[in-house]
Structure formats: C-alpha cells, structure tokens
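Trainee: Shown below is the structure under consideration.
The values are calculated or read from the model by the stated rules, or taken from the named source; none is laboratory data. Bear in mind that the values here come from a model prediction, so they are computed numbers and not experimental data. Every residue, glycine as well, gets a Cβ built from its backbone with ideal geometry; the counts of neighbours run over all protein chains shown.
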C-alpha cells in the first residue's frame, strides 16, 4: 500500500484523494512503459511527474487524458472511475507543449473555441472568455492572432483556453518547454500563481527539475516506468531515497565508502577513499556494508587553510579533505570549484559570491581545504 492510502486508513478525518492512480501498468509490444504506479493526489494540488525522456511520465499523463488505455490498474477522479470514458467525456483538459493554438483565430476566439463546441449560451461565453483574458492579463491582446504574440503570451492563451471550461483536472505536458531559459524562469512563477488562483487540481509532466520544484507542491521522480520517490520538493532534494534521485535532482557529490560505525547513537561513520564522514543520522544496515555518501556542493565550505574542528565532531579529521583546484566556473551569483582529491576523485564545491571584488579568491592550481557539517551529507544504501 502506498503512503497516501495508509494515511487515509490511519486518519479517517483525512479527505479521500481527489485523483487516485492505483497500480497502473502500460505495456507496448512487450515493453513495460509504466510499471505498477500508484499515486494519490489531493484536490487543488499541483503535482509534477519528473523524469528523463522515456521514463513513462508522458504515457501516464496520456492515460489520465484518455489517449492511452491502461493494460491494468484503475484511475479514479473525484470517486468516479475513468475507465472506458473517451477523452472528450472526461472532466479534464490537457495543455500541450506546442500549445496547439488555431493560427487563423484571434486570442478571444481561441479561448472561446471549446465553449462554442459545448454550446454555451453567448452571454455566458462572453463573460467566461473575458474572465479568462483578465486572469492571464491578456485583455488588451484579445483581437490579435497567435503569430502576433510572444512565446510567453501564447502559453498564457493556451492556459486560458484549457481553464475556460472549468475542468476538474488540468494536465500540463512540458508546459514551458517551448520557451527560452530566461522566459521560462519568469513564466514558471506566473503560471503557478494562475493555477493557484483558479484552484484547479493539476498534474504536470516535465524533465526540468527547476520547473517541477518551482511550480509543484509534490513531485514524483520516475525512471524506467517506476516511481522512485514521491515528496515535497525540499524533501526530495534534501533526503533523496536513492542514488538515482540524488543525482537527478540538482548537483551532488556521490562518494562511495563503507560503514564503519553504526547508530552510536544517532550517527554513522562512513570511510571513503579520501576522507571519513561523521554523519548525524542513522541508517538500517550492517557494519562494513557498501554505501554512498551524497553531499551537495553548496553545503561544503572551501578555503586555503585547514578548518577548525566543527562542534560535535569527536575527531578533527572527520568531514574534511584537502585537494587541488582543477577547474572553476563563475556563474555570477556563485562559483563552482572542482577539487581534485588524492584518489583521483573530484569534489564539486559551490560558493556564493557575496563581494564584487574577487581579490584573494581561489584559482586554478591552488591547494584548498573542503569541510562540511555533520548534517550536510546523506547516506544512501541503494
């Protein structure tokens, strides 16, 4: 049983999930694209399916929309089984990466298209379209054609059209994939605010981790058709369930080692090729077992001199290592240093650039010390 279902049994006051995806399987000619996936999604939640190409996230979204039929499993929306319902009878709408706007229609008519098909009375339709234009701040562009709009404006027209019929569920397929990086970053927050204002439940598919972490209240990381971890953005970033999730979400140093002290009490010690880690959490395992230490670059301090022993560390040799700056990349707000270690491994360190002048900063070939707190690393056993 998944965590959502277990919580519902333990807490009878908790409302039933609005969208329930239960044990869904999808096979294509002997290839399993979606492998026994179960997710509970609450009403009003923005939920992201995150993964690389071919992981099964788009196939799962298409099954929600009715464009694909599950091999087995059930999909329930607000207590109603969607099995057998064609796409046009499902109380949901889907916005595609291409936006699929009609080039010969104005912005106003694009938004009104689905309402006309549904034979909504003219007065009601006019009010709904005007409300959607106001929501996406495009009232002044109502008479323009799509080619007369910027990419971000086209994206908002597509969103307004998707919301015009007040769907119970909104599906977004790579919603910002057609925009350039800067516009995509600006539009992420804008789009999240619009969805929040409307209050519609939303499932989005993306391969962009920043997009998922900015827009979604929860994220499901998928690989090879399976869910590897489901949780809030901060939970997945800070406490990844396994090596794949740690490596897929953000930048990370993955250091292989062995467990040499186990839960004594509330901490473990892991010995790697270049250093020993004193880590402030326990794990389920046995002494000597192979583990991986995940350490985010921004949680590491770097300097020219050996660091003082951190509070709580019983030995000054813990959580520190010396190396040589082999590469460095300046990104404006921060600099990433690649520290070559004695074993040949490379430790990535991210340091904020808080001063405009960079005099005395580390550079290529410099000897440097890296250190980190007991709470920074996470021990992964898979």
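Trainee: Can you name the condition, by its number, that residue 54 falls short on among (1) at pLDDT 95 or above; (2) farther than 15 Å from residue 219 by Cα; (3) not in a strand (DSSP E or B)?
Mentor: Residue 54 satisfies every listed condition except (1).
Trainee: Next question, about the same structure. Output yes when any residue across the range 139-153 is touching a helix residue (DSSP H, G or I) at 6+ places or on another chain (Cβ under 7 Å), in contact (Cβ under 8 Å) with a residue 60 or more places away in the chain and within 30 Å of residue 89 (Cα to Cα), and no when none is.
Mentor: Checking the range 139-153: not a single residue is touching a helix residue (DSSP H, G or I) at 6+ places or on another chain (Cβ under 7 Å), in contact (Cβ under 8 Å) with a residue 60 or more places away in the chain and within 30 Å of residue 89 (Cα to Cα).
Trainee: While we're looking at this one, here's another question. I need a count of the residues in the range 82-97 that are more than 20 Å from residue 118 (Cα to Cα) and either out of contact with any strand residue (DSSP E or B) (no Cβ under 6 Å at 6 or more places or on another chain) or not assigned by TED's automatic domain parsing to the domain that holds residue 114 (or both).
Mentor: Within the range 82-97, residues that are more than 20 Å from residue 118 (Cα to Cα) and either out of contact with any strand residue (DSSP E or B) (no Cβ under 6 Å at 6 or more places or on another chain) or not assigned by TED's automatic domain parsing to the domain that holds residue 114 (or both) number 2.
Trainee: OK, next. Taking the conditions exactly as written (assigned to a strand (DSSP E or B), at pLDDT 95 or above and touching a helix residue (DSSP H, G or I) at 6+ places or on another chain (Cβ under 7 Å)), does residue 40 satisfy them or not?
Mentor: Considered against the rule, which asks whether it is assigned to a strand (DSSP E or B), at pLDDT 95 or above and touching a helix residue (DSSP H, G or I) at 6+ places or on another chain (Cβ under 7 Å), residue 40 comes out as yes.
Trainee: Ok, one more. Could you list, in sequence order, all residues of the range 305-360 that are surrounded by fewer than 17 Cβ atoms within 10 Å (Cβ to Cβ) and not in a loop (DSSP other than H, G, I, E, B)?
Mentor: Hits for the range 305-360 are 322, 324, 326, 327, 329, 330, 334, 336, 340, 346, 352.
Trainee: Suppose the filter is modelled with pLDDT under 85, under 17 Å from the mean Cα position of the chain (by Cα) and not in a helix (DSSP H, G or I); does residue 176 pass it?
Mentor: Considered against the rule, which asks whether it is modelled with pLDDT under 85, under 17 Å from the mean Cα position of the chain (by Cα) and not in a helix (DSSP H, G or I), residue 176 comes out as yes.
Trainee: Please enumerate the residues belonging to the range 290-304 that are at pLDDT below 95 and either exposed (fewer than 12 other Cβ atoms within 10 Å of the Cβ) or assigned to a loop (DSSP other than H, G, I, E, B) (or both).
Mentor: The one that is at pLDDT below 95 and either exposed (fewer than 12 other Cβ atoms within 10 Å of the Cβ) or assigned to a loop (DSSP other than H, G, I, E, B) (or both): 304.
Trainee: Would you check if residue 355 is more than 24 Å from the chain's Cα centre (by Cα), farther than 30 Å from residue 289 by Cα, in the same structural domain as residue 281 (by TED's automatic domain parsing) and touching a residue at least 60 places away in the same chain (Cβ under 8 Å)?
Mentor: Answer is no for this residue.
Trainee: Restricting to strands (runs of 3 or more DSSP E) lying wholly in the range 206-284: which have 2 or more residues that are surrounded by fewer than 17 Cβ atoms within 10 Å (Cβ to Cβ)?
Mentor: 253-261
Trainee: Taking residue 47 as the residue in question, decide whether it is at pLDDT 95 or above and within 22 Å of residue 223 (Cβ to Cβ).
Mentor: yes
Trainee: Do you know which residues across the range 101-116 are exposed (fewer than 13 other Cβ atoms within 10 Å of the Cβ) and either in contact (Cβ under 8 Å) with a residue 12 or more places away in the chain or under 28 Å from residue 188 (Cα atoms) (or both)?
Mentor: Scanning the range 101-116 gives 102, 103, 104.
Trainee: Please give the number of the condition residue 83 fails out of (1) closer than 27 Å to residue 177 by Cα; (2) surrounded by 12 or more Cβ atoms within 10 Å (Cβ to Cβ).
Mentor: (1)
Trainee: Looking at the range 140-158, can you tell me whether even one residue there is closer than 30 Å to residue 79 by Cβ, in contact with a strand residue (DSSP E or B) (Cβ under 6 Å, 6 or more places away or on another chain), buried (at least 17 other Cβ atoms within 10 Å of the Cβ) and assigned by TED's automatic domain parsing to the domain that holds residue 78?
Mentor: Yes - at least one qualifying residue is present in the range 140-158.
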